[in-house]
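Here's the structure we're looking at; comments come further down.
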Amino acid sequence: GESVGLHLPTLSVQEGDNSIINCAYSNSASDYFIWYKQESGKGPQFIIDIRSNMDKRQGQRVTVLLNKTVKHLSLQIAATQPGDSAVYFCAVFSGGYQKVTFGTGTKLQVIP
Amino acid sequence: EPEVTQTPSHQVTQMGQEVILRCVPISNHLYFYWYRQILGQKVEFLVSFYNNEISEKSEIFDDQFSVERPDGSNFTLKIRSTKLEDSAMYFCASSTPTAGGNYYEQYFGPGTRLTVT
């Protein structure tokens, strides 16, 4: 369906290829970051997190990289599968762990 | 696996009416949250709740909004007089402190789609 408001960037990748999704944040005091996956009609699902004292963290098929100098983090998905198709967005925590700011999201489309 | 549940899945209401969105957080969680997502836009934080009081709220969470934990299991969001621009998906989330850290993974419910006509 048609999006209202902010245009959602789309990343199309071939099944089996690696995907890289990026997120920029503005507050240099941000100290905790989460990547979420949101499938159509569902709530956000935690994928992986990273604290500001780290620059890389790996999970199962996913890696998060944090570059505090340029206030940028990325999510790498290895060997992308059709089930990875979803909207991915980063969430940034700063100044307390109860409030979080979400990024705008990237729609990942996996081409079989 | 425990999960956050929300009811109803879809709520249609007329402008000016009051609505109550309901959530059952994960049972041993201590922190509760409401977020909203307008169609095609990003998820926006509304409010966090701990120890029976609001711990953080956003600019969106004005006097029209209120939250309550009426018993040991439910967490509700009330909108007193709905406006057209309140139409959105509303997500509830809950979390609890994990060992060794201050960072609380938030578990989200499936959302309630609110349509204001």
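The values are calculated or read from the model by the stated rules, or taken from the named source; none is laboratory data. What you see is a predicted model, and the numbers here were worked out from it, not measured in a lab. Cβ: placed from backbone, ideal geometry, glycine included. Neighbour counts: every protein chain shown. Each accessible area value is taken on the protein alone, full model and side chains, heavy atoms only, with ligands, DNA and RNA left out. Shrake-Rupley method; radii C 1.70, N 1.55, O 1.52, S 1.80 Å.
Put simply, of A:Ser26, A:Ser74 the only residue that is assigned to a strand (DSSP E or B) and of a type in the set (S, T, N, Q) is A:Ser74. The set of residues in segment A:47-62 that are in a strand (DSSP E or B) and within 16 Å of A:Leu108 (Cα to Cα) comprises A:Ile47, A:Val62.
Taking the stated definitions as given, is B:Ser55 open to solvent by 30 Å² or more (accessible area, probe 1.4 Å) and at pLDDT 90 or above? Here the answer is no, as B:Ser55 does not meet what is asked.
B:Ser95 satisfies every condition listed in (1) more than 10 Å from the chain's Cα centre (by Cα); (2) surrounded by fewer than 18 Cβ atoms within 10 Å (Cβ to Cβ) except (2). Being closer than 27 Å to B:Ile38 by Cβ and either within 10 Å of the chain's Cα centre (by Cα) or away from chain B (no Cβ under 11 Å) (or both) is a property that A:Phe93 lacks.
Let's see how each residue does on (1) open to solvent by 60 Å² or more (accessible area, probe 1.4 Å); (2) without any contact (Cβ under 8 Å) to a residue 40 or more places away in the chain:
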residue	(1), (2)
A:Cys23	no, no
A:Ser28	yes, no
A:Asp31	no, no
A:Trp35	no, no
A:Gln45	yes, yes
A:Lys56	yes, yes
A:Gln81	yes, no
A:Asp84	no, no
A:Phe89	no, no
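Within segment A:58-83, restricting attention to residues that are under 11 Å from the mean Cα position of the chain (by Cα) and hydroxyl-bearing (Ser, Thr, Tyr), which residue is nearest to A:Phe46 (Cα to Cα)? Ranking the candidates gives A:Thr63 first. Criterion applied to B:Leu21, B:Leu84 was being surrounded by 13 or more Cβ atoms within 10 Å (Cβ to Cβ) and either facing chain A (nearest Cβ under 10 Å) or farther than 22 Å from A:Phe89 by Cα (or both), and the one residue passing it is B:Leu21.
Can you tell me which residue is nearest to A:Ser40 (Cα to Cα) among those in segment B:1-58 that are of a type in the set (Lys, Arg) and under 11 Å from the mean Cα position of the chain (by Cα)? Checked segment B:1-58; the qualifying residue nearest to A:Ser40 (Cα to Cα) is B:Arg36.
Hey, among the residues in segment B:61-81 that are in contact with a Leu (Cβ under 6 Å, 6 or more places away or on another chain) and open to solvent by 10 Å² or more (accessible area, probe 1.4 Å), which one's farthest from B:Ser95 (Cα to Cα)?
B:Phe61
Every listed requirement among (1) out of contact with any Asp or Glu (no Cβ under 6 Å at 6 or more places or on another chain); (2) open to solvent by less than 20 Å² (accessible area, probe 1.4 Å) is met by B:Leu30 save one, (2). Only one of the numbered conditions (1) open to solvent by less than 70 Å² (accessible area, probe 1.4 Å); (2) modelled with pLDDT of 90 or more is not met by A:Gly103, and that is (2).
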